[in-house]
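Encoded as structure tokens, the structure appears first; notes follow it.
The values are calculated or read from the model by the stated rules, or taken from the named source; none is laboratory data. What you see is a predicted model; the values in this text were computed from it and never measured. Don't worry about glycine lacking a Cβ; one is built from the backbone with ideal geometry, like all the others, and counts go over all protein chains shown. Accessible surface is based on the protein model in full, side chains and every heavy atom, while ligands, DNA and RNA are left aside. Shrake-Rupley method; radii C 1.70, N 1.55, O 1.52, S 1.80 Å.
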Amino acid sequence: MNSWHERFQTEEYVYGMNPNVFIVEALAKVNLTGHILTIAEGEGRNAVYLAEKGLEVTSWDYALSGLEKTLKLASTRSVEVDTKLIDLNDATWESDLWDGVVCVFGHFPKPLRDRTLSGVKEAIKPGGYYISEVYSTDQLFYESGGPKDIELLYSAEELLKTFSDWKIIHFFTGEVMREEGKLHKGLSHVVQVIAQKPKKEQR
């Protein structure tokens, strides 16, 4: 049992049942199709929304209670989400497997973050997308949610460097309002990215 499993062991969806606002906006910017992976997905609000949009969705989290709530939410919305109990420390990233990977407020220590983003880049198919909204290092000065450890927060420079060899469709860092359950409430400082993996050259 881990702290996230304990956090999600409630009837209430602690981050709400509605999708992250940026994920809704992102789907209006790119033509996302196929098989999508959501990582550190928590209670499933984004995975279920993507499934409602006709996408084939797999959700990874290492909180069993979160995955159970994902399946419950999917059932109430009459969609299917494939859930897998995955600790990202032990994740296997197969090459060119996913049409897109979505990460919303997935915060990890720097070594795991680097390994995860490297795995994400390997696992997305050419032409596929990485879509993410996370708290920036400036979130330390806000009281609206997120980790209080700067190592767990993202800098804009870090993400730009990570995806410097991909096409940046959208990039933003700054203030947004978020009302996501009881734990994400109010003015927040985030980094948003939509990056597209280069398509393989035809010979």
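Of all residues in the range 34-54, those satisfying the criterion of being surrounded by fewer than 21 Cβ atoms within 10 Å (Cβ to Cβ) and free of Cβ contacts under 8 Å to residues at least 40 places away in the same chain are E52, K53, G54. Determine the pairs where a residue that is at positive phi, located within the range 171-186, has a partner that is of a type in the set (G, A, S) and open to solvent by less than 10 Å² (accessible area, probe 1.4 Å) with Cβ atoms under 9 Å apart, the partner being 6 or more residues away or on another chain. Pairs found: G174/S136; G186/S144. Please specify each residue of the range 142-162 satisfying the condition of being touching a Phe, Trp or Tyr at 6+ places or on another chain (Cβ under 7 Å) and within 19 Å of A123 (Cβ to Cβ). Those that are touching a Phe, Trp or Tyr at 6+ places or on another chain (Cβ under 7 Å) and within 19 Å of A123 (Cβ to Cβ): none in the range 142-162. Here N31 meets the list (1) surrounded by fewer than 14 Cβ atoms within 10 Å (Cβ to Cβ); (2) more than 17 Å from the chain's Cα centre (by Cα); (3) modelled with pLDDT of 95 or more almost entirely, failing just condition (3). Considering only residues that are in a helix (DSSP H, G or I) and more than 13 Å from D99 (Cβ to Cβ), which ones fall in the range 28-66? Correct list: A28, K29, R45, N46, A47, V48, Y49, A51, E52, L64, S65, G66. Of the residues contained in the range 3-22, one or more are found to be touching a strand residue (DSSP E or B) at 6+ places or on another chain (Cβ under 8 Å), modelled with pLDDT of 95 or more, closer than 23 Å to T162 by Cβ and crowded, with 18+ Cβ neighbours inside 10 Å.
If you take the residues of the range 144-203 that are of a type in the set (K, R) and touching a Ser or Thr at 6+ places or on another chain (Cβ under 6 Å), which of them is most open to solvent (accessible area, probe 1.4 Å)? It would help to see each step written out before you state the result.
Start the filter on the range 144-203 by keeping residues that are of a type in the set (K, R), which leaves 148, 161, 167, 178, 182, 185, 197, 199-200, 203.
Still in the running and touching a Ser or Thr at 6+ places or on another chain (Cβ under 6 Å): 178, 185.
Values: R178: 13, K185: 107 Å².
Among those that are of a type in the set (K, R) and touching a Ser or Thr at 6+ places or on another chain (Cβ under 6 Å), it is K185.
So, in the range 160-203, exactly how many residues are modelled with pLDDT under 95 and more than 23 Å from Y13 (Cβ to Cβ)? The qualifying residues number 5. When the range 87-109 is limited to residues that are in contact (Cβ under 8 Å) with a residue 40 or more places away in the chain and either open to solvent by 80 Å² or more (accessible area, probe 1.4 Å) or of a type in the set (V, I, T) (or both), the one that is farthest from V30 (Cα to Cα) turns out to be V104. Among the residues of the range 78-111, the ones that are of a type in the set (A, V, I, L, M, F, W, C) and either outside any strand (DSSP E or B) or at positive phi (or both) come to 9 in all.
Are any of the residues in the range 122-143 open to solvent by 40 Å² or more (accessible area, probe 1.4 Å), closer than 15 Å to I39 by Cα and at pLDDT 95 or above? Scanning the range 122-143, I find at least one residue that is open to solvent by 40 Å² or more (accessible area, probe 1.4 Å), closer than 15 Å to I39 by Cα and at pLDDT 95 or above, so the answer is yes.
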